[in-house]
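The values are calculated or read from the model by the stated rules, or taken from the named source; none is laboratory data. None of these values were measured; they are calculated from a predicted model. In this analysis, Cβ positions are derived from the backbone assuming ideal geometry, glycine residues included, and neighbour counts consider all displayed protein chains.
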Amino acid sequence: LPIFILNGPNLNLLGLRQPEIYGSETLADVEARCAALAAELGHAISFRQSNHEGTLVEMIHEARNAASAIIINPAAYTHTSVAILDALNAYDGPVIEVHISNVHKRESFRHHSYVSLRAEGVIAGCGTEGYLLALRRVASLLGAK
Ligand code: DQA
């Protein structure tokens, strides 16, 4: 089964939006780097983005039967969405949470994450490289099974 890599609101604007915080790489660039590393690690990925909370919830439901693990950058929904937390709680495989920026260095409303109540691991402040670190972690969690 593929590893789902899910991205929340405004990440479609990666590279254009606040590059001083999020860098100049686009989400398509991140997807290409993830696909290359996943292939090296012997995994497939399904890389997606939505600006809609309910769509993200439905992607997580789909993962129940279709994903070996979930890597998720819930973006602003990290800090607000009990619905995304509940959906992840209905998923059995490993979950890794990624934030491009160091949310702990930013406004206090970014310091709390609902998703962290479910995630096995959290990577923040490593830029887009965080997605690659998450893939390596997922590969070792799946390999260790
Ligand atoms: C983010 C951090 C969130 O606080 C913010 O709302 C985002 C992106 C990150 O990747 O650093 O949209 O998840």
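Could you say which residue among A124, A134, A87 is closer than 17 Å to V30 by Cβ, touching a His at 6+ places or on another chain (Cβ under 7 Å) and aliphatic (A, V, I, L, M)?
On inspection, the qualifying residue turns out to be A124.
Go through (1) under 18 Å from L1 (Cα atoms); (2) aliphatic (A, V, I, L, M); (3) buried (at least 16 other Cβ atoms within 10 Å of the Cβ) one by one and return the number of the condition A75 breaks.
So the condition that A75 fails would be (1).
Report the residue count in segment 1-48 for those that are assigned to a helix (DSSP H, G or I) and at pLDDT below 95.
The qualifying residues number 4.
So how many residues does segment 63-98 have that are assigned to a helix (DSSP H, G or I) and either in contact (Cβ under 8 Å) with a residue 40 or more places away in the chain or hydrophobic (A, V, I, L, M, F, W, C) (or both)?
12
Report yes if N51 is within 16 Å of the ligand (Cβ to nearest atom), over 17 Å from L132 (Cβ atoms), outside any helix (DSSP H, G or I) and not acidic (D, E), otherwise no.
Yes: the conditions hold for N51.
Any chance you could count how many residues in segment 117-140 are hydroxyl-bearing (S, T, Y) and exposed (fewer than 15 other Cβ atoms within 10 Å of the Cβ)?
Residues that pass the stated criteria total 1.
Give me the residue from segment 78-134 that is among the charged types (D, E, K, R) and closer than 23 Å to A36 by Cβ and, out of that set, farthest from the ligand (Cβ to nearest atom).
E129
Return the residue satisfying two criteria in turn: it lies in segment 13-26 and is surrounded by 12 or more Cβ atoms within 10 Å (Cβ to Cβ) and within 11 Å of the ligand (Cβ to nearest atom), and of such residues it is farthest from E53 (Cα to Cα).
Restricting to residues being surrounded by 12 or more Cβ atoms within 10 Å (Cβ to Cβ) and within 11 Å of the ligand (Cβ to nearest atom), the top hit is G23.
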